[in-house]
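To start, the structure under review is shown below, and the notes come after it.
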Number of protein chains: 2
Amino acid sequence: MRISKFAIPEIIFGRGSIVHLASCAKRVGARRVLLVSDQGLVAAGWVERIQEILRDNGLEWVYFDAVHSNPRDYEVHDGADVYMRERADVIIAVGGGSPMDAAKGIATIVGNGGRINDYEGANRIMRPLPPMIFLPTTAGSGSDISQFCIITDVARQVKMSIISRSLVPNVSIIDPLVLLTKSEELIISSAIDAFAHAVESYLSLLSSPFTEHQALKAMRLIAHNLRPALEDRSIEALENLSIAATSAGMSFSNAGLGIGHSLAHSLGGMFDVLHGLVHPILLPPVMRFNLPASVDKLANIGRIVCGPRMCSNEYIAQAGIAWLERFFADLRVPVRLRGILPDSSCLETIAKAAVNDACTLTNPRPASWESLLGVCQEAW
Amino acid sequence: MRISKFAIPEIIFGRGSIVHLASCAKRVGARRVLLVSDQGLVAAGWVERIQEILRDNGLEWVYFDAVHSNPRDYEVHDGADVYMRERADVIIAVGGGSPMDAAKGIATIVGNGGRINDYEGANRIMRPLPPMIFLPTTAGSGSDISQFCIITDVARQVKMSIISRSLVPNVSIIDPLVLLTKSEELIISSAIDAFAHAVESYLSLLSSPFTEHQALKAMRLIAHNLRPALEDRSIEALENLSIAATSAGMSFSNAGLGIGHSLAHSLGGMFDVLHGLVHPILLPPVMRFNLPASVDKLANIGRIVCGPRMCSNEYIAQAGIAWLERFFADLRVPVRLRGILPDSSCLETIAKAAVNDACTLTNPRPASWESLLGVCQEAW
């Protein structure tokens, strides 16, 4: 076994855990907070609750919500300007992956200067970041746990992967009560994003005994709890989806991902698609592409979703992929690329951009841009 | 589900991972290190290797090895005096639980002043500690992972449990190659200590979905790997014991322990016994005492050690305890209290000290000093 590194934030998890925000913020030195969220209503009630908590505890804040879904490079720089002009000392982000990734980008610029695209790739952040406390409002992105930050380079139409241990926030406060008000589409896309994190990091070349059981646990919880979470919004099921997203975050943050995420980043850079809705389309062909390199691990995934069977690893691995295809189709989300893209002329450009994404490096089977194009064509 | 907190250090794990020491030390700001180890030969070769790494990387150090097995309050204060007099800036500890716990005590006094017994109990450390990097040389104590620090109050003859999130070191560097040279007794006592951490934290009132699977994984790995590790010193088996001790550390650090550790601390305060050798004696009667409160969880443990069975939870739980008794007896370690204590007149004193230990608070079944005395009498 090679050397493994494992780093996660301090986690405070549970119904009502948001009340711990002020004590955490004070512990990391907060007096004047930059509060980052997205525009619109996604985290609206939650942002008010947070402002109330900050006010009641004598903490000042500056609110910054100029963040799109799939956050953009210039938004990061605008946020960093606000942080410095307002002399903030801690960053609190509330929302899904987008405001959390924007907050990571802001922290990077505040601590290191330069432009955000200077830090694309792995381990290029050299100086410390201001303290970060994140409150995720979806159970999917894992940005509150991870070393990853995905920012769109607008000029190049590329979603950049920025990966550094410095991007792990100090504290993640995960309150599953926030999920009670989410739309069906958001619960599905977040859960499938987390499922894809679990599968890709489990297959990754950097997976380890510290990440593999987190990944398997996440797959098991999502396979068993997504339907109940949608059907009756059971808080137990939503809580289990939160635990799954957190576990998948611990796994992918430390093990990395694979070509499914490379392609999702490439697609998301060119078309402003909801990240989580790309995975039901891409994950089955990606798993099939990886089968020659990962048959035993794909068999373990098959046993989780189909239950134990007396059969060959090859057979149960294929059965698992087929089970997932039915699972995704039953959720009534698009399952073909042609359902979300205008035409197939862009596929070559997408494959050529994806091959350079940092996530391609940890894919268990080496992939050229032609193989990535093949995956896209299978998914068309 | 109540609110759970989960905090662990950054972990660097694997054969040869010690080479990452210098970069970690520099990252946390080291220029002049206090290097803490125990007296004698336990970590001898490893200490030399560390000094070589520090020297090669231009780092100064002051060596402090005035630490007993079961470290004592005055040793902590001596170490803190050395740290301050020598203007050290980072603490590196190498060895088993004793030097790591001594290092935590030293860091507490350096950062907070006062006497070490001011901090006995949970959450009494208020100010930041200097950075700590630990290199465990046994696969057992979990001190490199945990929020616990156990120091003997010499005047009171009590092992104090000091528990605080601040006691989690910044980095734990775990190199299983160090285990190749350990004695059979040390491998056994460390592995059983880790097994007891796993069992007690799994049963604990504060266990959570973030800790329970770590605990079960640790039990499975130790049950399957301790014999091979002893018989042929297979590096794979030793590595698995290291992973188990780390996982058990993640579990007990965040979930707490139970009356087995309360009694072990009380015994260790009065008699200078090897901590890990107390658990084969105490764990089976402790599990039997907890059976009325934890039959389902004890059944899960039974299924791990005995394999799956078609039988009642009560039956498999009892079978698991009986399996452990045979497992410990086959290791030829003492399995009765009378084998390690002079006579039974001290048992009442031990039970009365143990009932006030912080670990008693998280035991799944409430325990009076009379119940603890009953456990000791069953173990006599």
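The values are calculated or read from the model by the stated rules, or taken from the named source; none is laboratory data. All of these numbers come straight from a predicted model, not from anything done at the bench. Ideal geometry is used to build each Cβ from the backbone, glycine not excepted, and the neighbour counts take in all protein chains shown. Each accessible area value is taken on the protein alone, full model and side chains, heavy atoms only, with ligands, DNA and RNA left out. Shrake-Rupley method; radii C 1.70, N 1.55, O 1.52, S 1.80 Å.
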Worksheet item: How many of the residues in the range A:51-88 are of a type in the set (D, E, K, R) and in contact with a strand residue (DSSP E or B) (Cβ under 6 Å, 6 or more places away or on another chain)?
Response: 4
Discussion item. Quick check on the range A:143-163: of everything there that is in contact with a Phe, Trp or Tyr (Cβ under 8 Å, 6 or more places away or on another chain) and open to solvent by 20 Å² or more (accessible area, probe 1.4 Å), which residue is farthest from A:Val67 (Cα to Cα)?
Written reply: A:Ile163
Worksheet item: From A:Ser208, A:Ser166, A:Ser204, which residue is within 14 Å of chain B (Cβ to nearest Cβ), more than 24 Å from A:Val333 (Cβ to Cβ) and open to solvent by less than 10 Å² (accessible area, probe 1.4 Å)?
Response: A:Ser208
Practice prompt. Quickly run through the range B:212-232 and pick out the residues that are crowded, with 24+ Cβ neighbours inside 10 Å and of a type in the set (S, T, N, Q).
Written response: B:Gln214
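Scan the range B:30-37 and tell me whether some residue there is within 14 Å of another protein chain (Cβ to nearest Cβ) and open to solvent by 10 Å² or more (accessible area, probe 1.4 Å). Write out each step before concluding.
Step one: of the range B:30-37, the residues within 14 Å of another protein chain (Cβ to nearest Cβ) are none.
Looking for residues that are within 14 Å of another protein chain (Cβ to nearest Cβ) and open to solvent by 10 Å² or more (accessible area, probe 1.4 Å), one finds none in the range B:30-37, hence no.
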Response to the item:
Those residues of the range A:62-118 which are in contact (Cβ under 8 Å) with a residue 60 or more places away in the chain, over 25 Å from A:Lys182 (Cα atoms) and hydroxyl-bearing (Ser, Thr, Tyr) amount to A:Tyr74
Fill in: helices (runs of 4 or more DSSP H) fully within the range A:233-300 counting 3 or more residues that are open to solvent by less than 10 Å² (accessible area, probe 1.4 Å) and away from chain B (no Cβ under 14 Å)
A:259-270, A:279-290
Worksheet item: Quick one: would you say B:Val62 is away from chain A (no Cβ under 14 Å) and either within 22 Å of the chain's Cα centre (by Cα) or surrounded by fewer than 17 Cβ atoms within 10 Å (Cβ to Cβ) (or both)?
Response: yes
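Please go through the range A:55-103 and give me each residue that is assigned to a strand (DSSP E or B), under 21 Å from A:Thr137 (Cβ atoms) and not basic (Lys, Arg), ordered by number. Spell out how you get there, then give the answer.
Kept after step one, since they are assigned to a strand (DSSP E or B), are these residues of the range A:55-103: A:60-64, A:72, A:90-95.
Okay, now just the ones that are also under 21 Å from A:Thr137 (Cβ atoms), so A:61-64, A:72, A:90-95.
Of everything in the range A:55-103, those that are assigned to a strand (DSSP E or B), under 21 Å from A:Thr137 (Cβ atoms) and not basic (Lys, Arg) turn out to be A:Trp61, A:Val62, A:Tyr63, A:Phe64, A:Val90, A:Ile91, A:Ile92, A:Ala93, A:Val94, A:Gly95.
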Item to complete: Could you identify the single residue in A:Lys182, A:Lys104 that is basic (Lys, Arg) and closer than 28 Å to A:Ala229 by Cα?
Response: A:Lys182
Worksheet item: Under the condition of being among the β-branched types (Val, Ile, Thr) and either closer than 30 Å to A:Ser69 by Cβ or without any contact (Cβ under 8 Å) to a residue 12 or more places away in the chain (or both), which residue from the range A:301-312 is most open to solvent (accessible area, probe 1.4 Å)?
Response: A:Val305
Worksheet item: Say we look at the range B:119-133 and pick out the residues that are in contact (Cβ under 8 Å) with a residue 60 or more places away in the chain and not in a loop (DSSP other than H, G, I, E, B); which of these is surrounded by the most Cβ atoms within 10 Å (Cβ to Cβ)?
Response: B:Ile133
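Condition (residue is part of a helix (DSSP H, G or I), within 14 Å of another protein chain (Cβ to nearest Cβ) and open to solvent by 60 Å² or more (accessible area, probe 1.4 Å)) applied to the range B:8-25: is it met by at least one residue?
Yes: the range B:8-25 contains one or more residues that are part of a helix (DSSP H, G or I), within 14 Å of another protein chain (Cβ to nearest Cβ) and open to solvent by 60 Å² or more (accessible area, probe 1.4 Å).
Conditions (1) within 18 Å of B:Asp232 (Cα to Cα); (2) assigned to a helix (DSSP H, G or I); (3) in the same structural domain as B:Leu291 (by the TED database), marked per residue:
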position	(1), (2), (3)
B:Ile188	yes, yes, yes
B:Ala191	yes, yes, yes
B:Phe195	no, yes, yes
B:Ser201	no, yes, yes
B:Leu206	no, no, yes
B:Pro209	no, no, yes
B:Gln214	no, yes, yes
B:Ala218	no, yes, yes
Worksheet, complete the sentence: Exception for B:Arg332 within (1) closer than 29 Å to B:Leu186 by Cβ; (2) open to solvent by 50 Å² or more (accessible area, probe 1.4 Å); (3) modelled with pLDDT of 95 or more falls at (3)
